[in-house]
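The structure appears right after this line, and notes come after that.
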Amino acid sequence: MPCRPRALSLLLLPLLSAPALAQEVYALGGAQYTHSLDELTYSFAYEYQQNLSEHFTGTFTWLNEGHVTAHHRDGYSVQLWTRWPNLPRTLVVSAGLGPYRYYDTTYGSPGVGGVTDAHGWGVLYSLAAQWYFRVPWVLQMRYNRARTPNSIDTDTLQIGIGYQFDPATRPGPVVPAASYPFTSPERNEVTLMAGNSVQNNFQSPHGVAWALEYRRRLNPYIDATATYLDEGDTHVVKRRGVALQGWLTREFLAHRASVGVGGGFYFARDQDQRGARTEGLGLLTMAAAYRFTEHVATRLHWYRTLTINGRDTDVVLLGLAYAF
């Protein structure tokens, strides 16, 4: 959850600089094994795949590694993959590699009871098999090996379902896909959202949160937002402030639905038993939206605050948007 703004920009740069080609999104679930603890737990992931060519693809993945003794860990990874489709292009096997930015709810140090959200870097090695069984649906089986020098090493095995954004005229990945223009003159959007915030420690205390967002569509794939975010009071963190983010977005279902990932700076006022102070944090957000009419949509946002003192939070909000 916390990475510094520089680390956040490094994480998003490969996606922001990539061309707008055919894309796929996946939801996966399965198991995780931690070698040093000899423990088995659950795992799940969301994956955004961007097809670069017939034999290369890039992904952005959020991976939750479940709960084992003294470790509740998840993280993000940008990976580059090479792949080999069979002759009818219905089955694709691939191998990927990339940096892994993890956020681990754990104890501050051996023998100390304080809980922190430890941040660090590792490497994520992955193998996958995808079965394009019925357009636009894809079945994927994926294995991940997370190597982290300052945390636990894990293996995850997952299976899940994927969706192709672009219409396919033949089996397999859509390569390349035509770019698409704006479909309406509306470039501005205001969204009011409410929901829940969770402090990332072993008790996971909750608070009531809300946000007001202004969004400007810069082109069909890139947005910019300014957000007032009130995280509520989790009895550990009571924080609110203003965030500025850049977004990579993708529409589908005839421009009615979209997914996106955003990152930027969060200038927050934090109040606790030590008093009040203003902090410069990072903010990483995954989002989905569905448009009912040309002007009215619903939005679901998952904010991850990126701190440097182990006080990260997850904020999940749902709201209504008006485009103009």
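The values are calculated or read from the model by the stated rules, or taken from the named source; none is laboratory data. Just so it is clear, the structure is predicted and the values come from calculations on it, not from any experiment. Because the Cβ atoms are built from the backbone with ideal geometry, glycine has one as well, and the counts that use them run over all protein chains shown.
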Members of segment 94-120 that are in contact (Cβ under 8 Å) with a residue 24 or more places away in the chain and either more than 18 Å from T156 (Cβ to Cβ) or polar (S, T, N, Q) (or both): S94, T105, T106, Y107, G108, V115, T116, D117, A118, H119
Test: F56 is surrounded by fewer than 20 Cβ atoms within 10 Å (Cβ to Cβ), at pLDDT 90 or above and among the aromatic types (F, W, Y): yes
Confirm whether T169 is surrounded by fewer than 16 Cβ atoms within 10 Å (Cβ to Cβ), outside any strand (DSSP E or B), without any contact (Cβ under 8 Å) to a residue 24 or more places away in the chain and among the polar types (S, T, N, Q). yes
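In this structure, does T156 turn out to be touching a residue at least 24 places away in the same chain (Cβ under 8 Å), among the β-branched types (V, I, T) and closer than 21 Å to V93 by Cβ? Step through it out loud before you land on a result.
Values: touching a residue at least 24 places away in the same chain (Cβ under 8 Å): yes; among the β-branched types (V, I, T): yes; closer than 21 Å to V93 by Cβ: yes.
In short, yes.
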Checking Q203, Q271 in turn, the sole residue that is of a type outside the set (D, E), outside any strand (DSSP E or B) and more than 20 Å from the chain's Cα centre (by Cα) turns out to be Q203
With the requirement that a residue be modelled with pLDDT under 90 and either out of contact with any strand residue (DSSP E or B) (no Cβ under 8 Å at 6 or more places or on another chain) or not in a loop (DSSP other than H, G, I, E, B) (or both), what does segment 182-197 give you? T183, P185
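Conditions tested, residue by residue: (1) within 18 Å of V261 (Cα to Cα); (2) of a type in the set (S, T, Y); (3) modelled with pLDDT under 95.
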| position | (1), (2), (3) |
| --- | --- |
| M1 | yes, no, yes |
| R6 | yes, no, yes |
| L11 | yes, no, yes |
| A20 | yes, no, yes |
| H35 | no, no, yes |
| Y42 | no, yes, no |
Pull out all pairs, ordered by first then second residue, where Cβ-Cβ is under 9 Å, the residues are six or more apart or on different chains, the first lies in segment 289-312 and is over 22 Å from Y228 (Cβ atoms), and the second is basic (K, R) and crowded, with 20+ Cβ neighbours inside 10 Å. Y290/R299
Can you say whether V123 is in the same structural domain as F56 (by TED's automatic domain parsing) and at pLDDT below 95, as far as the supplied structure shows? no
One residue is enough: does segment 285-293 have a residue meeting the conditions outside the structural domain of H71 (by TED's automatic domain parsing), of a type outside the set (D, E) and more than 24 Å from the chain's Cα centre (by Cα)? yes
